[in-house]
Amino acid sequence: MSIVEVKNLVKVFDTNRAVDGVSFSVEAGEVFGLLGPNGAGKSTLIGMISTLLTPTSGDVMIDGHSAIKEPMVVKKVIGVVPQEIALYPTLTARENLGFWGSMYGLSPSEIKKREAAVLDIVGLTDRANEKIETYSGGMKRRINIAAGLLHSPKVLFMDEPTVGIDPQSRNHILEMVKKLNADGLTIIYTSHYMEEVEFLCDRIAIVDHGKVIAEGTQEELRLLVGNKDTIRVSAPEVSQSVADKVKKLSDIDSVVVKKEEVDIVSAHGRKVLADVISVLNDDNVKIASVEVQEPDLESVFLHLTGRSLRD
């Protein structure tokens with residue numbers, strides 16, 4: 001059953017069409033990913049879905065209520081973890097959570113109970129009485145998540161929650177998201193990090209220039225590139241004549257020569273690898289490294305747009 005239904009959302013800022021007719025639905029209990037490069041419109045989309053921005057047109061239904069017509073009802077069932085840290089630096093973590101609890105309309109006893117619960121979830125109970133300004137970037141991110149969980153939402157929106165933090169803190173947050181979802185929380189997660197979305201999400205919408213250009217499970221999206229492998233050879237000064245020799249090998253679909261590397265697409269990457277290396281060696285190509293990349297969300301985005309997620 002769909003708990004979130006996004007219906008033809010449009011947002012125009014002056015002449016910029018930041019979100020352009022986006023529609024999708026999210027089932028209760030799943031992690032739904034919005035994957036796209038910076039500037040694709042993900043944050044604007046989350047802003048509208050979570051009632052923080054008014055759409056130019058379209059609607060959003062959350063738990064049976066319109067985010068446009070019934071925003072106060074919707075606010076009670078959603079939690080938002082914004083990309084920017086929404087905390088008061090001179091207050092302690094506990095004081096910040098107390099403030100947000102009062103904003104959600106929780107009673108003092110409810111705030112105390114939920115404070116303890118969310119501090120435990122994010123692993124910061126022992127640091128709760130320290131000021132936010134003394135926290136590391138990863139700890140601030142975790143308290144930001146705790147604030148979004150304080151009122152026990154049915155749906156949690158997480159907008160790039162790992163930006164600018166160290167790998168250990170990032171892994172801690174990803175495992176936390178997994179646990180929250182395993183406990184039944186529906187999550188909409190935006191990121192430009194392919195590996196995060198692959199790790200977390202049941203279904204994914206790929207967003208570019210304000211539009212959803214593909215949607216489905218990871219397997220369904222990978223089928224868009226035909227399940228073909230890419231052999232990436234790091235080697236300077238590969239001539240077109242050498243590339244043409246590689247292209248003549250059996251089971252090779254395409255060969256693209258770049259400045260410092262060659263990309264060779266094949267349905268049987270590991271099978272043809274030895275023949276590819278043999279041709280390059282015969283022409284005295286100095287190979288720095290070789291890797292076989294099986295289809296992933298990066299290759300899907302590249303296939304659909306002609307550029308990398310991080311371009």
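For this structure, a couple of remarks:
- Hey, K228 closer than 30 Å to K271 by Cα and not small (G, A, S) or not: yes
- Of all residues in segment 244-255, those being surrounded by fewer than 17 Cβ atoms within 10 Å (Cβ to Cβ), in contact (Cβ under 8 Å) with a residue 12 or more places away in the chain and under 36 Å from the mean Cα position of the chain (by Cα) number 2.
Conditions tested, residue by residue: (1) in contact with a Leu (Cβ under 9 Å, 6 or more places away or on another chain); (2) at pLDDT below 95; (3) among the aliphatic types (A, V, I, L, M); (4) closer than 26 Å to G184 by Cα.
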site: A40; (1), (2), (3), (4): yes, yes, yes, no
site: I49; (1), (2), (3), (4): yes, no, yes, yes
site: S66; (1), (2), (3), (4): no, no, no, yes
site: I85; (1), (2), (3), (4): no, yes, yes, yes
site: G98; (1), (2), (3), (4): yes, no, no, yes
site: I111; (1), (2), (3), (4): yes, no, yes, yes
site: T134; (1), (2), (3), (4): no, no, no, no
site: R141; (1), (2), (3), (4): no, no, no, yes
site: N144; (1), (2), (3), (4): yes, no, no, yes
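- Number of residues in segment 229-278 that are of a type in the set (K, R) and within 11 Å of V292 (Cα to Cα): the value is 3.
- Scanning segment 199-213 for residues being of a type in the set (D, E, K, R) and touching a helix residue (DSSP H, G or I) at 6+ places or on another chain (Cβ under 6 Å) gives a total of 1.
- Of all residues in segment 256-282, exactly one satisfies the criterion of being in contact (Cβ under 8 Å) with a residue 40 or more places away in the chain and either loosely packed, with under 13 Cβ neighbours inside 10 Å or basic (K, R) (or both), namely R270.
- Here is the figure for segment 129-162: residues that are of a type in the set (D, E) and buried (at least 20 other Cβ atoms within 10 Å of the Cβ) total 2.
- 2 or more residues polar (S, T, N, Q): qualifying helices (runs of 4 or more DSSP H) within segment 28-120: 42-49, 93-103
- Candidate set: segment 219-243, residues that are under 23 Å from I206 (Cβ atoms) and surrounded by 14 or more Cβ atoms within 10 Å (Cβ to Cβ); chosen: the one modelled with the lowest pLDDT: V225
- Within segment 8-34, being surrounded by fewer than 17 Cβ atoms within 10 Å (Cβ to Cβ) and touching a Gly at 6+ places or on another chain (Cβ under 7 Å) holds for N8, V10, R17, D20, G29.
The values are calculated or read from the model by the stated rules, or taken from the named source; none is laboratory data. This structure is a prediction, so every number in the text was calculated from the model and none was measured. Note that each Cβ is placed from the backbone with ideal geometry, even for glycine, and that neighbours are counted across all protein chains shown.
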